[in-house]
Amino acid sequence: QVQLVESGGGLVQAGGSLRLSCAASGRTFTGYAMGWFRQAPGKEREFVAAISWTRSTIYAESVKERFTISRDNAKHTVYLQMNSLKSEDTAVYYCAVKWGTVAGVAGSYSYWGQGTQVTVSS
């Protein structure tokens, strides 16, 4: 059974930083892309960033230059370094896994974590 466990969320002041982690287990993840999405209260889930097995990356425009996605294939773990946080970054952050290339469409991802709350105070 595939499990994705996110960690690293919390409360931070605007302008601060957080690093999210997501550890995957339950199968072989060779060739899989990993992504981060977020969902704020009353809003739809939106794409944040994704990284391929070979470390190609894509980002949402709203987080470019502020967020960095990376992965450790040996540990089946993906990270999201979030800098210069804004109040509008407040959301539950989810990691997800899909076979093949990176994508920004939630429906293309097969497995999802339970989410971790990020709250940015202004």
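Brief remarks on what is shown
- Scanning the stretch 64-122 for residues that are over 16 Å from F37 (Cβ atoms), aliphatic (A, V, I, L, M), open to solvent by less than 60 Å² (accessible area, probe 1.4 Å) and outside any strand (DSSP E or B) yields one hit, L85.
- The residues of the stretch 11-25 that are within 28 Å of S52 (Cβ to Cβ), open to solvent by less than 50 Å² (accessible area, probe 1.4 Å) and of a type outside the set (S, T, N, Q), listed by number, are L18, L20, C22, A23, A24.
- Residues of the stretch 26-48 that are loosely packed, with under 13 Cβ neighbours inside 10 Å, on the phi < 0 side of the Ramachandran plot and not polar (S, T, N, Q): P41, K43, E44.
- Within the stretch 1-10, the set of residues being open to solvent by 30 Å² or more (accessible area, probe 1.4 Å) and of a type outside the set (S, T, Y) comprises Q1, V2, Q3, V5, G8, G9.
- All positions within the stretch 49-63 that are in a strand (DSSP E or B), among the β-branched types (V, I, T) and surrounded by 17 or more Cβ atoms within 10 Å (Cβ to Cβ): I51, I58
- All positions within the stretch 50-76 that are under 11 Å from the mean Cα position of the chain (by Cα) and farther than 17 Å from A106 by Cβ: F67, T68, S70, R71
The values are calculated or read from the model by the stated rules, or taken from the named source; none is laboratory data. Since the structure is predicted, the reported quantities are computational estimates derived from the model, not experimental observations. Glycine also receives a Cβ, built like all others from the backbone with ideal geometry; neighbour counts cover every protein chain displayed. Just so you know, the surface numbers come from the protein's heavy atoms only, side chains and all, with ligands and any DNA or RNA stripped out. Shrake-Rupley method; radii C 1.70, N 1.55, O 1.52, S 1.80 Å.
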